[in-house]
Amino acid sequence: MNKTIKMIITVLPVFLVPLILERKKFKEHPDVQKLADTSKTVATKTGHAAVHVKDGVVDRTQQVKSQVKAKKARYDHKKAIKQAEAEERAMRPENVHARGEQLAKQNSKGIQKLDKKLQKVIDKRHKAEEKAQALRQKQMKKDLTRMQKYSKQVGFEPNTVDPDVEAHGNKIAKKNKKKVSKLDKRLQKNIQQRHKAEEKIRNKRQKVMKKQLKQVQKQNKEKQSDISNPNATEQPKRIKTLSEHHVQK
């Protein structure tokens, strides 16, 4: 073992020393040094170019970001100006009056629609009541016919009945008929009274609507005449803003 180690220590420098010397000569060769210098120059230029490109990208990104912010600020400013102008136009007297007339027309149309719906519901209920009454009368007639038919089947003949019993039965039948007729008349009278009351309410509501519409139209005409009259001594009232109302409160 010791001999092997001694041999390696003795032989190894014989191989290593020439290799080290050859490597040193290779490094000191002009072509190798020139190639190394060229590689260093290329690496340096590449690093500078990368830094330059990075700086350019950062500058361009900041420029685009600032342009986007400026564009958004201009858009928001124009939007705010347009909104303020629209609010100012809406608060002008002529526009307020026109809007009032428009709202009056819309309200009138809405009321007319509701009135038509109500009338439709009333008519539908009237038809249902008339139909129920007709069915009730038809059922009464059917029951009477069935009763008469059953009486014949069991051998009951009015001519064979005791006159006193027949007279009592006729009396009861007349009473029942009178009661039924009386109830039917009362029901019909109640239905007619309700119909008249509903019609009266509807007519009254229409009169109130027409009166209100005429008042609104009259007020709008008076306001329009005041605006169009340049010799008017009385200045038109300025519309108060929400901030002024808040201060007064």
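If you check Asp184, Asp226, which single one turns out to be outside the structural domain of Val121 (by TED's automatic domain parsing), part of a helix (DSSP H, G or I), among the charged types (D, E, K, R) and modelled with pLDDT of 75 or more? That would be Asp184, the only listed residue that is outside the structural domain of Val121 (by TED's automatic domain parsing), part of a helix (DSSP H, G or I), among the charged types (D, E, K, R) and modelled with pLDDT of 75 or more.
Can you tell me which residue among Ala43, Ala80, Ala49 is small (Gly, Ala, Ser) and at pLDDT 85 or above? Before you say what the answer is, go through the steps one by one.
Working: Ala43 fails: at pLDDT 85 or above; Ala49 fails: at pLDDT 85 or above.
Checking each option against the conditions leaves just Ala80.
Across segment 195-209, what is the number of residues that are in contact with an Asp or Glu (Cβ under 9 Å, 6 or more places away or on another chain) and either more than 13 Å from Gln119 (Cα to Cα) or not charged (D, E, K, R) (or both)?
2
State yes or no: is Asp143 under 36 Å from the mean Cα position of the chain (by Cα) and in a helix (DSSP H, G or I)? Please lay out each step first, then the result.
Numbers: under 36 Å from the mean Cα position of the chain (by Cα): no; in a helix (DSSP H, G or I): yes.
Here the answer is no, as Asp143 does not meet what is asked.
The values are calculated or read from the model by the stated rules, or taken from the named source; none is laboratory data. The structure presented is a predicted model; accordingly, all values stated were derived computationally and were not measured. We place every Cβ from the backbone using ideal geometry, glycine too, and count neighbours over all the protein chains shown.
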